[in-house]
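> Below: one structure in structure tokens.
The values are calculated or read from the model by the stated rules, or taken from the named source; none is laboratory data. All values derive from a computational prediction rather than experimental measurement. Heads up, the Cβs are rebuilt from the backbone with ideal geometry, glycines too, and the neighbour counts pull from every protein chain shown.
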Amino acid sequence: MVSPKEVINELLVDVFNHILSIESGILKQRGVKISMTEVHVLEAVRNVSIRTMGNIAAKLRVTLGTLTTSVNVLVKKGYIQRERDESDRRKVYLKLTDIAHTVLKIHDEFHDEMIDSLFKDLDVEKDEVLMKSLENISQYFKEHY
């Protein structure tokens, strides 16, 4: 007999892998020619209030060197622009281009559809156990990784 722990582990791994694979396929079908990692960099740029390299690296939990490599590629592909702070030339801010916003719209639509499918069969607002379990998983990863 398979334990609940084994079933949950298999389901989480399966869902995670499917989300990445399916989302990548949908982006490619819609003409997006960047990787999921690059999409997540764009998302981080959009979602930080002060768009410095340091803040974005912290949001992504990567080093500045790793982020610099990704940003260099995204600048060359036309998804990000760098802007220097006029009062402190050491500071570099990142700005998304129109094509980056288009990619993020596709990305957001995928996530909206995914979450809508969860709500379809569940009354998530009332299911405190599910919500608490998802919060616990999220908190575990934030604390340990």
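> Determine whether residue 60 is surrounded by 11 or more Cβ atoms within 10 Å (Cβ to Cβ), over 18 Å from residue 27 (Cα atoms) and either of a type outside the set (A, V, I, L, M, F, W, C) or free of Cβ contacts under 8 Å to residues at least 24 places away in the same chain (or both).
Yes; evaluated as a whole, the condition is true for this residue.
> Restricting to the range 81-119, name every residue that is over 15 Å from residue 42 (Cβ atoms) and either touching a Cys at 6+ places or on another chain (Cβ under 9 Å) or small (Gly, Ala, Ser) (or both).
87, 117
> From the set of residues in the range 90-145 that are at pLDDT below 80, charged (D, E, K, R) and outside any helix (DSSP H, G or I), which is surrounded by the most Cβ atoms within 10 Å (Cβ to Cβ)?
127
> For the range 1-29, give me each residue that is among the β-branched types (Val, Ile, Thr) and over 15 Å from residue 109 (Cβ atoms).
Hits for the range 1-29 are 2, 7, 8, 13, 15.
> Which of the residues spanning the range 84-112 are in contact with a strand residue (DSSP E or B) (Cβ under 7 Å, 6 or more places away or on another chain) and charged (D, E, K, R)?
Residues satisfying the conditions are 84, 85, 91, 95.
> While we're looking at this one, here's another question. Does residue 83 meet the test of being acidic (Asp, Glu), in contact (Cβ under 8 Å) with a residue 12 or more places away in the chain and either part of a helix (DSSP H, G or I) or out of contact with any helix residue (DSSP H, G or I) (no Cβ under 7 Å at 6 or more places or on another chain) (or both)?
Criteria met by residue 83.
> Exactly one of these conditions fails for residue 67: (1) in contact with a strand residue (DSSP E or B) (Cβ under 8 Å, 6 or more places away or on another chain); (2) surrounded by 13 or more Cβ atoms within 10 Å (Cβ to Cβ). Give me its number.
In the conditions (1) in contact with a strand residue (DSSP E or B) (Cβ under 8 Å, 6 or more places away or on another chain); (2) surrounded by 13 or more Cβ atoms within 10 Å (Cβ to Cβ), residue 67 misses (1) alone.
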